[in-house]
Amino acid sequence: MALSFSDEAMQKIAAARSRYPNAQAACLPVLHIAQAEFGYLPDEVIELVSNTLELPVAHVHGVVTFYTMFRRRRQPVGENLLMVCTNISCMLRGGYRVLDRISQKLGIQVDETTPDKKFTLIEEECLAACADAPAVICGPRYFLRLDTDEKVDRMLQELATHPEPEY
Amino acid sequence: MPADRSTKIVSRNFGVEGANTIDGALSCGAYGVVPKALGMERAAIIEEVKKSNLRGRGGAGFPTGLKWTFVPKGEDAYLVVNADESEPATCKDREIIYWDPHLLIEGVIIGSYALGSPHSYIYIRGEMIREARVLQRAVDEAYARGFLGKPLACKGGTFTTELTVHRGAGAYICGEETSLLNSLEGKRGWPRVKPPFPAVKGLFGKPTIVNNVETIANLPSIIDKGGQWFAELGMGRSGGTRLICVSGHVNRPGVYELPMQTTMREIIEDVCGGMLDGRKLKGVIPGGSSVPVVTPDEIDVPIEADALANSELIKPVEVRPGVNFDMGGGKILRSQAGSGGMVVMDETTDMVAVCARLMRFYAHESCGQCTPCREGTGWLARVATRMAQGHGRPGDTELCASIANGIAGNTICPLGDAAAWPMLGFLTKFRADFEARENRKVVAMPEPRV
């Protein structure tokens with residue numbers, strides 16, 4: 001059976017669509033809705049979005065692959081998507097130490113997901129939390145001034161029991 | 001009267017719990033300036049903004065009022081707020097959105113009315129998931145209370161502001177205004193060739209003004225107290241105050257609203273409580289990662305745009321020792337106020353590693369449209385990284401300078417310059433550090449690493 005959006009997603013899409021003078025402009029919002037619904041954006045979802053908005057598949061594909069937050073990978077991400085900043089402000093205050101500690105504690109490398117699907121680790125560019133470096137974002141939550149291993153460990157413990165999904 | 005450190009315009013509600021909800025905001029006076037603004041002629045608002053010497057806070061520092069006058073006479077323009085804050089070391093717009101979204105929305109109402117915007121958009125960076133939620137809630141509240149989406153009485157009739165929060169999806173380039181417009185139109189975020197400028201042909205082919213969050217958040221105060229008042233707070237051709245985001249090796253990093261006259265030394269020694277662990281200063285990036293670094297003997301310069309660009313205290317950036325870099329038309333480059341993201345680096349900092357990390361960033365973020373940037377940033381990242389990691393080759397310093405000089409000025413958008421300028425800046429101010437890495441002697445992986 002062909003893939004389809006849930007009724008709730010369709011309502012959100014209609015609401016998003018109404019905010020723009022043409023369908024193409026709703027492309028990013030609808031891709032966010034699609035990613036929230038399906039976890040990632042494989043070919044079938046791209047086709048669904050292109051049919052929904054009546055846009056060429058090639059256009060939607062081009063958009064998806066341009067932006068880093070849209071995920072093409074077949075494996076949906078873990079419940080917690082850990083975005084670790086290693087850009088200069090965080091780097092100066094130990095951003096790589098945070099990245100290494102997380103990697104060691106979870107037993108995964110950057111761009112990998114733990115076997116229990118609880119965590120995916122990615123290295124991010126500047127998260128606009130420079131004054132509170134080093135910083136990690138997980139969904140809507142910020143973990144700031146992670147200047148000790150203990151703080152990093154506590155963050156992972158909290159997220160293991162209270163996940164912070166992106167959508 | 002010039003601003004002092006107690007002057008708070010855009011940061012007055014930072015840290016005030018509840019100010020980001022409608023009731024909290026209203027009790028702090030939010031939307032209080034809307035009736036006055038809507039009682040003015042549209043042209044009078046633009047005039048007031050011109051008089052205020054408000055300059056764009058996103059990085060370029062272009063006079064806002066002047067930008068507004070580029071809209072063809074008699075035409076309405078879309079207002080688009082650039083909340084795609086992604087310039088490394090910049091973290092001020094996020095604070096405004098989180099603590100005071102209603103101040104931003106009030107600014108949007110004023111700006112939309114002045115420009116006759118049929119529908120305004122706030123383009124918020126995709127990674128700012130929390131801020132997007134806070135902002136969306138604030139917009140919903142403003143709709144529910146009738147500040148948005150409902151005709152409000154204005155000079156000679158009524159005006160309705162429509163406002164949509166549009167989330168990006170991870171692309172630094174979308175902070176560049178024409179790229180942002182393409183992204184808002186549902187395309188890949190490729191910058192457009194200018195002219196036509198957005199003020200003439202922008203969003204959906206219509207005249208469009210793109211302004212930064214902090215710029216728009218200043219509008220309510222300018223209309224409330226007058227352009228003259230705002231201009232006098234500032235310094236020279238820059239009105240108002242400035243949010244400075246201080247990060248790196250200081251005791252009290254933070255986002256501070258400061259008078260334009262404040263020097264980098266005052267910020268480090270006074271505002272931020274001095275250097276971390278009492279170590280010595282090695283370098284400062286004054287205004288976000290894309291501006292040239294300065295050395296400890298160059299920090300007695302105010303953070304104001306013209307001062308950083310023209311002060312003779314700051315040595316010009318060079319393409320090779322003794323030969324100044326030419327920005328075009330013989331204009332020399334010292335440093336810039338940029339986005340207000342100030343990075344303070346102490347004597348333990350490996351400048352080659354910092355530079356390499358930055359070059360990796362630009363290579364990652366180049367959109368791939370222009371060859372000099374697409375290829376050049378990749379090469380800069382590779383050469384700077386191998387130098388940082390102890391695999392430098394003879395001539396690498398010169399190679400970096402030559403690649404950077406080949407990018408600068410040869411691309412559609414400023415990302416090329418944004419990579420080339422800091423590269424040349426690091427080479428000018430810390431050349432010996434780079435030359436020492438030219439020999440293929442493997443040094444221990446520095447901490448922080450690249």
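At a glance:
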{"read-out": "Backbone N within the range B:371-404 under 18 Å of label point (7 Å from B:Ala436 Cα along the Cβ vector)", "value": "B:384-398"}
{"read-out": "Efficiency of FRET between B:Val323 and B:Thr371 - r from beta-carbon atoms, R0 22 angstrom, step 0.05", "value": "0.35"}
{"read-out": "Relative contact order computed over the range B:146-267 (Cα-Cα under 8 Å; 6+ residues apart), in percent", "value": "10"}
{"read-out": "Within chain B: Cβ-based charge dipole about Cα centre, in debye rounded to nearest 20 (Lys, Arg +1; Asp, Glu -1)", "value": "840"}
{"read-out": "Residue-span extension gain [A:Ala58 to A:Val110] - 0.36 nm each, minus C-alpha spacing", "value": "15.8 nm"}
{"read-out": "Too-long pairs where the Cα-Cα distance tops 26 Å, listed order kept, from B:Lys50/B:Lys73; A:Lys117/B:Lys187; B:Lys150/B:Lys187; A:Lys12/B:Lys187; B:Lys92/B:Lys282; B:Lys73/B:Lys194", "value": "A:Lys117/B:Lys187; B:Lys150/B:Lys187"}
{"read-out": "Residues listed by number, the range B:291-312, amide nitrogen under 12 Å from B:Arg265 label point at 7 Å toward C-beta", "value": "B:296-302"}
{"read-out": "DSSP beta bridge pairing in the protein assembly as shown, given as percent antiparallel to the nearest 5", "value": "55"}
{"read-out": "Shape call, the range A:1-128: gyration tensor on alpha carbons, a/c limit 1.5", "value": "prolate"}
{"read-out": "B:Asn212 long-range amide H proximity, modeled H, under 5 Å", "value": "B:Arg57, B:Gly58, B:Asn82"}
{"read-out": "FRET efficiency, B:His364 to B:Lys36 (Cβ-Cβ, R0 35 Å, nearest 0.05)", "value": "0.15"}
{"read-out": "Approximate spin-label separation B:Val193-B:Arg393, in nm, with each point projected 7 Å along Cα-to-Cβ", "value": "3.5"}
{"read-out": "Of all accessible heavy-atom area on the range B:356-395, the percent that carbon and sulfur account for (1.4 Å)", "value": "53"}
{"read-out": "Cα shape, the range B:85-239, gyration tensor, a/c 1.5 rule", "value": "rounded"}
{"read-out": "Solvent-accessible area buried by A and B, counting both chains, probe 1.4 angstrom, square angstrom", "value": "4500"}
{"read-out": "Pair A:Arg19, A:Lys151: separation of 7 Å Cα→Cβ label points (nm)", "value": "3.3"}
{"read-out": "Under the Karplus curve 6.51 cos²θ - 1.76 cosθ + 1.60, θ = phi - 60°, whole-Hz ³J(HN,Hα) for the range B:118-135, x wherever Gly or Pro sits", "value": "x, 6, 9, 10, 10, 8, 9, 4, x, 5, 7, 5, 5, 5, 4, 5, 4, 5"}
{"read-out": "Solvent-accessible area per residue, Å², over the protein assembly as shown with all protein chains present [probe radius 1.4 Å]", "value": "37"}
{"read-out": "Nearest-ten-degree value, helix A:95-106 long axis tilted from longest Cα axis of chain A", "value": "80"}
{"read-out": "Using a Förster distance of 30 Å, the FRET efficiency for A:Thr161-B:Val16 (Cβ separation, nearest 0.05)", "value": "0.45"}
{"read-out": "Of all accessible heavy-atom area on the range B:135-184, the percent that carbon and sulfur account for (1.4 Å)", "value": "51"}
{"read-out": "Cα-only Debye scattering, the protein assembly as shown: base-10 log of I(q)/I(0) at q = 0.06, 0.07, 0.12, 0.13 Å⁻¹", "value": "-0.30, -0.41, -1.31, -1.54"}
{"read-out": "Portion, in percent, of the accessible area of the range A:1-153 that falls on carbon or sulfur, probe 1.4 Å", "value": "49"}
{"read-out": "Spatially proximal aspartates and glutamates relative to B:Lys201 (Cα-Cα < 15 Å; intrachain offsets below 8 disregarded)", "value": "B:Glu75, B:Asp76, B:Glu177, B:Glu185"}
{"read-out": "Selection of GluC sites (Glu not before Pro), the range B:284-365, meeting DSSP coil and at most 10 other Cβ within 10 Å", "value": "B:Glu312"}
{"read-out": "Shape of the range B:313-417, Cα gyration tensor, a/c cut at 1.5", "value": "rounded"}
{"read-out": "Selected from A:Gln157, A:Gln109, A:Gln35 as most flexible by GNM, with chain A as the system and alpha-carbon contacts under 10 Å", "value": "A:Gln157"}
{"read-out": "For the range A:78-100 versus the range A:135-167, the gap between their alpha-carbon centres in whole angstrom", "value": "11"}
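The values are calculated or read from the model by the stated rules, or taken from the named source; none is laboratory data. Everything numeric in this text was worked out from a predicted model, so none of it was measured. Don't worry about glycine lacking a Cβ; one is built from the backbone with ideal geometry, like all the others, and counts go over all protein chains shown. Note: accessible area is taken over every heavy atom of the protein model, side chains too, but ligands, DNA and RNA are not part of it. Shrake-Rupley method; radii C 1.70, N 1.55, O 1.52, S 1.80 Å.
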